[in-house]
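Chemist: Below is one structure. I have some questions about it.
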Number of protein chains: 2
Amino acid sequence: MAEVRQRTTQSSSPRREELKAAAAAQASESEEDDIIGQPNFQAAGDQLPQSSDKTTEALDSALKDLTPRWRNWVIRGIFTWVMIFGFAFIIYLGPLALVVVVFMLQIKCFHEIITIGCLVYRSYNLPWFRVLSWYFLFASNFFFFGESVIEYFGLLLSRTDFLRPFATYHRFISFSLYVAGFVGFVCSLVKKHYLKQFTLFGWTHVTLLIIVTQSHLIVQNILEGFIWVLVPVSMIICNDIMAYMFGFFFGKTPLIKLSPKKTWEGFIGGAVSTILFGLALSYYMVQYDYFVCPTRYDDEKDHISMDCERSPAFLLAEYNFPETLRAFCKLVGLPQTFKMYPFVLHSISMSIFASVIGPFGGFFASGFKRAFKIKDFGDTIPGHGGIMDRFDCQFLMATFVHVYHSSFIKIPNPQKLLQNILMLPADDQVRMFNMLHDKLVARGLLLNNTAT
Amino acid sequence: MAEVRQRTTQSSSPRREELKAAAAAQASESEEDDIIGQPNFQAAGDQLPQSSDKTTEALDSALKDLTPRWRNWVIRGIFTWVMIFGFAFIIYLGPLALVVVVFMLQIKCFHEIITIGCLVYRSYNLPWFRVLSWYFLFASNFFFFGESVIEYFGLLLSRTDFLRPFATYHRFISFSLYVAGFVGFVCSLVKKHYLKQFTLFGWTHVTLLIIVTQSHLIVQNILEGFIWVLVPVSMIICNDIMAYMFGFFFGKTPLIKLSPKKTWEGFIGGAVSTILFGLALSYYMVQYDYFVCPTRYDDEKDHISMDCERSPAFLLAEYNFPETLRAFCKLVGLPQTFKMYPFVLHSISMSIFASVIGPFGGFFASGFKRAFKIKDFGDTIPGHGGIMDRFDCQFLMATFVHVYHSSFIKIPNPQKLLQNILMLPADDQVRMFNMLHDKLVARGLLLNNTAT
């Protein structure tokens, strides 16, 4: 979120090693504390790699005359653009490339949060536990990503002999994987560390709940159509930047205690900019099939395709102006209706969520960081902190878009129902056809002139 | 799980009040501790209502001459039978009554775990937080139970004008409810209590994950057919009782450190008994349509029905004995095949899970209780502890049965696909029919003699 933080330059690697050794020594001395399970903030604050403004020598010398505020602003700005260009390049590569990127970001986010948990609750003497956390990440990804693959490419999987059992028994395999981890956890319980182990078990599961389930929704959004991710992600970025800019230049009235640098001016400026930006971006993107078509396996052409018959949300529709405005239009001779893509109007709901509720994802992350007395989730992006610092609002936004899409846009898809029928055994397909035929005749929707 | 615990008789209510007052006083003195967020076991251990052998005056005087070990055994035995008869009565009432009971048990389990969390992390000064926990319980139940209702009775809902929007926008409403809670949580953050609040937030969510999601699976199992819940639940109970009996009479070799009273003799005796019991019970139940038929809304008769065409798992099938045994049977003139209901054979897998993996649910619960230095989750059932003490293994078992059922039993149900099609708008139904027709003709499964 848009915050200006004063940061001291620090060199990363050697200091970290030194601190780790010191902390390990301290840990072996303070076994007593371990048993109590009291969180250790000092260890976390010292050891966690924190965001720094240190970038390259060249950039450093170029910026050395600036005040820290401006210095931070410039570095943040540069890396914002680096990220925007990276993002644009991924758009160029296509939806499946973005799925891979989401997958990698998810792993990095998980890593950042688990690292904090392990440092705070000092799990040096539980190496087995860290392995278990990663195992749970693997098992839950196997489950969730598998579900998406089966949902979108089930027909393709059911054609390949080798993959068919994975599709059919996917849930059973996932559950077995999870249960193995669960049994492993129970077996790894050590009397002295019960509390710590259960705390970290909970920590791992809450992290999985936040990161894995939501990134799985992002993947589903991507497969429903590139635009369902690109527009919301851009909205959050736009809101972030504009709230920061408005706050930086006009900010006076504080907004919320959790994030003291946030102001009402930034909040309102951000919201208005996001709505305008969202309308413009949607209107631009909705023109291209590349952005609006879902990624599907095409049974006939036998390849993954992004050609589609546009869904109604992406076709021009005629809207009436509200009653009073219409009367006025009639008076002055203007048209009383306008044509627009429904998606562009839906973008307003998304913009409002992105700028009103979205920031709460950031407040939540801020509160979390304050609770565990850390400044950033990591030091992955210079000037920005960890990946989680940048993606705190994206997760909530993705869930909103997913729910919004499945509630208001996704009509029960005849195409997908058809796919499900075609995955049945051959005689069931015919049986299904006959049952449907009889029902439709009974409902008077079909004449009874058909026989099989 | 089968454990003998020495318990001291204690009178419940007045002592509890007294302790609560003392703890509250202590809490207000030790603000410093609160900020650190160190868990307070003393408070939990003292205040949490713990299981007692105290029952009624009459029973007490009848049992007063017994040694504590036998006394505990008798009380436990009596209340085991009380529970078994209660369970039988619910079976008599039918699947929808069991859904209501599961719902109530789930609320009680949630209450037990949240109470422990609130006591351990001393949340007296966060009354708002307890409300939030219950709100999250409400929101997640609204979501999960709603999903089940829509899945099984969607056609019924879509017929009632008043309920249709709930069915259509169910996910959006659920998400809005959750987001309201999330925003409430962020707004309720108080600087001094950040750590405690985030810890309890995590605690609430892990509890929801364990209790609500899994009890939702139990509900789905019930609706898939009464037998899918009755057999597994009975298996766990049988394994519990038999492992306890075998352990009590023959137990010598300790099994696992977590539960020192568990023995290999109990484990093996329990497993063998459970498999035999499972076979017998399945064979008995599978005879009755009442147990094997799913609960469905019948479109034609316009009521919820439990009549069905039996699924293959409940129809006699012919099995070959293994090769070597077959040769022997041929020699001595015995039949080489046998007829059996597939479900009875599936019951073996369930028995094995119930007796091998099931207990790990109990070990996990034991470890949890040890971690937080409590003896029981509550005092709901005399001689047994809280509801959670009795249901620790049931949750894991229900998830297994759900996954097992959906992987190996539930064939993509033409009946349900048909229901989904019939929920589409009328012209989509016809369009769907034509698409299916063309596909089947293309695949050579249908002659092209039909026209609409």
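Chemist: Enumerate the pairs (first residue in the range B:378-402 and within 14 Å of another protein chain (Cβ to nearest Cβ) and in contact (Cβ under 8 Å) with a residue 60 or more places away in the chain; second residue anywhere and part of a helix (DSSP H, G or I) and of a type in the set (V, I, T)) with beta-carbon separation below 7 Å, excluding pairs fewer than 6 apart on the same chain, so at least 6 apart or on different chains.
Modeler: Close Cβ pairs (under 7 Å, with a partner that is part of a helix (DSSP H, G or I) and of a type in the set (V, I, T)) amount to B:C393/B:I236; B:F395/B:I210; B:M397/B:I236; B:A398/B:I218.
Chemist: Going by the structure shown, is B:E57 surrounded by fewer than 16 Cβ atoms within 10 Å (Cβ to Cβ), acidic (D, E), under 30 Å from A:K373 (Cα atoms) and at pLDDT below 65?
Modeler: Details: surrounded by fewer than 16 Cβ atoms within 10 Å (Cβ to Cβ): yes; acidic (D, E): yes; under 30 Å from A:K373 (Cα atoms): no; at pLDDT below 65: yes.
In short, no.
Chemist: Another question, then. It is to be established whether one or more residues within the range B:148-162 are free of Cβ contacts under 8 Å to residues at least 40 places away in the same chain, polar (S, T, N, Q) and surrounded by fewer than 20 Cβ atoms within 10 Å (Cβ to Cβ).
Modeler: yes
Chemist: For the range B:146-185: of the residues being at pLDDT below 90 and aliphatic (A, V, I, L, M), which is nearest to A:I409 (Cα to Cα)?
Modeler: Among residues in the range B:146-185 that are at pLDDT below 90 and aliphatic (A, V, I, L, M), the one nearest to A:I409 (Cα to Cα) is B:A167.
For (1) within 14 Å of chain B (Cβ to nearest Cβ); (2) over 30 Å from B:G362 (Cβ atoms), each residue gets a yes or a no:
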site	(1), (2)
A:S140	yes, no
A:S148	no, yes
A:F153	no, yes
A:R164	yes, yes
A:T168	yes, yes
A:R171	yes, no
A:F175	yes, no
A:Y178	yes, no
A:G181	yes, no
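Chemist: What pairs come up if the first residue lies in the range B:189-204 and is more than 8 Å from every other protein chain (Cβ to nearest Cβ) and touching a residue at least 60 places away in the same chain (Cβ under 8 Å), the second is in a helix (DSSP H, G or I) and not aromatic (F, W, Y), and their beta carbons are under 6 Å apart, counting only those six or more places apart or on different chains?
Modeler: Close Cβ pairs (under 6 Å, with a partner that is in a helix (DSSP H, G or I) and not aromatic (F, W, Y)) amount to B:K192/B:I35; B:L200/B:G117; B:T204/B:S133.
Chemist: Look at A:F129 and say whether it is farther than 22 Å from A:Y290 by Cα, of a type in the set (A, V, I, L, M, F, W, C) and touching a strand residue (DSSP E or B) at 6+ places or on another chain (Cβ under 7 Å). Steps first, please.
Modeler: Working: farther than 22 Å from A:Y290 by Cα: yes; of a type in the set (A, V, I, L, M, F, W, C): yes; touching a strand residue (DSSP E or B) at 6+ places or on another chain (Cβ under 7 Å): no.
No.
Chemist: Another question about this same structure. Any idea how many residues of the range A:108-148 are within 18 Å of A:Y178 (Cβ to Cβ) and among the β-branched types (V, I, T)?
Modeler: 2
Chemist: I'm told A:S406 meets every condition in (1) more than 8 Å from chain B (Cβ to nearest Cβ); (2) within 24 Å of A:S311 (Cβ to Cβ) except one. Can you identify the failing condition by its number?
Modeler: (1)
Chemist: On to the next question. Anything in the range B:241-267 that is surrounded by fewer than 16 Cβ atoms within 10 Å (Cβ to Cβ) and either at pLDDT 80 or above or aromatic (F, W, Y) (or both)? List them, or say none. Quick ask: steps written out before the conclusion?
Modeler: Step one: list which residues in the range B:241-267 are surrounded by fewer than 16 Cβ atoms within 10 Å (Cβ to Cβ), which gives B:249-250, B:252-254, B:257, B:260.
Answer for the range B:241-267, where residues must be surrounded by fewer than 16 Cβ atoms within 10 Å (Cβ to Cβ) and either at pLDDT 80 or above or aromatic (F, W, Y) (or both): B:F249, B:F250, B:K252, B:T253, B:P254.
Chemist: Considering A:L223, A:L208, which residue is in contact with a strand residue (DSSP E or B) (Cβ under 9 Å, 6 or more places away or on another chain) and of a type outside the set (S, T, Y)? So that I can check it myself, show each step before the final result.
Modeler: Details: A:L208 fails: in contact with a strand residue (DSSP E or B) (Cβ under 9 Å, 6 or more places away or on another chain).
One residue alone meets the criteria, A:L223.
Chemist: Here's a follow-up. Is there a residue being surrounded by 16 or more Cβ atoms within 10 Å (Cβ to Cβ) and either at pLDDT 85 or above or under 30 Å from A:S176 (Cα atoms) (or both) anywhere in the range B:417-425?
Modeler: yes
Chemist: Limited to the range B:415-445, what total is found for residues that are more than 7 Å from chain A (Cβ to nearest Cβ) and β-branched (V, I, T)?
Modeler: Total satisfying the criteria: 1.
Chemist: A follow-up question, please. What about B:F372, is it within 18 Å of the chain's Cα centre (by Cα) and either within 14 Å of chain A (Cβ to nearest Cβ) or surrounded by fewer than 12 Cβ atoms within 10 Å (Cβ to Cβ) (or both)? Step through it out loud before you land on a result.
Modeler: On the way: within 18 Å of the chain's Cα centre (by Cα): no; either within 14 Å of chain A (Cβ to nearest Cβ) or surrounded by fewer than 12 Cβ atoms within 10 Å (Cβ to Cβ) (or both): yes.
So B:F372 does not fit the description; no.
Chemist: If you don't mind, another one. Among the residues that make up the range A:215-226, is at least one of them among the hydroxyl-bearing types (S, T, Y), touching a helix residue (DSSP H, G or I) at 6+ places or on another chain (Cβ under 8 Å) and over 30 Å from A:V344 (Cα atoms)? Walk me through how you get there before you give the answer.
Modeler: Here is the first cut: in the range A:215-226, the ones among the hydroxyl-bearing types (S, T, Y) are A:215.
The next check asks that each one be touching a helix residue (DSSP H, G or I) at 6+ places or on another chain (Cβ under 8 Å); those that pass are A:215.
Among the residues that remain, those that are also over 30 Å from A:V344 (Cα atoms) are: none.
No; the residues of the range A:215-226 include none that is among the hydroxyl-bearing types (S, T, Y), touching a helix residue (DSSP H, G or I) at 6+ places or on another chain (Cβ under 8 Å) and over 30 Å from A:V344 (Cα atoms).
Chemist: From B:G367, B:G358, B:G378, grab the single residue that is within 30 Å of B:K262 (Cα to Cα), modelled with pLDDT under 80, surrounded by 14 or more Cβ atoms within 10 Å (Cβ to Cβ) and touching a Leu at 6+ places or on another chain (Cβ under 8 Å).
Modeler: Details: B:G367 fails: modelled with pLDDT under 80; B:G358 fails: modelled with pLDDT under 80.
Result: B:G378 is the single residue among B:G367, B:G358, B:G378 that is within 30 Å of B:K262 (Cα to Cα), modelled with pLDDT under 80, surrounded by 14 or more Cβ atoms within 10 Å (Cβ to Cβ) and touching a Leu at 6+ places or on another chain (Cβ under 8 Å).
The values are calculated or read from the model by the stated rules, or taken from the named source; none is laboratory data. As the structure is a computational prediction, the values presented were derived from the model and not from experiment. Virtual Cβ from ideal backbone geometry, glycine too; neighbours counted across all protein chains shown.
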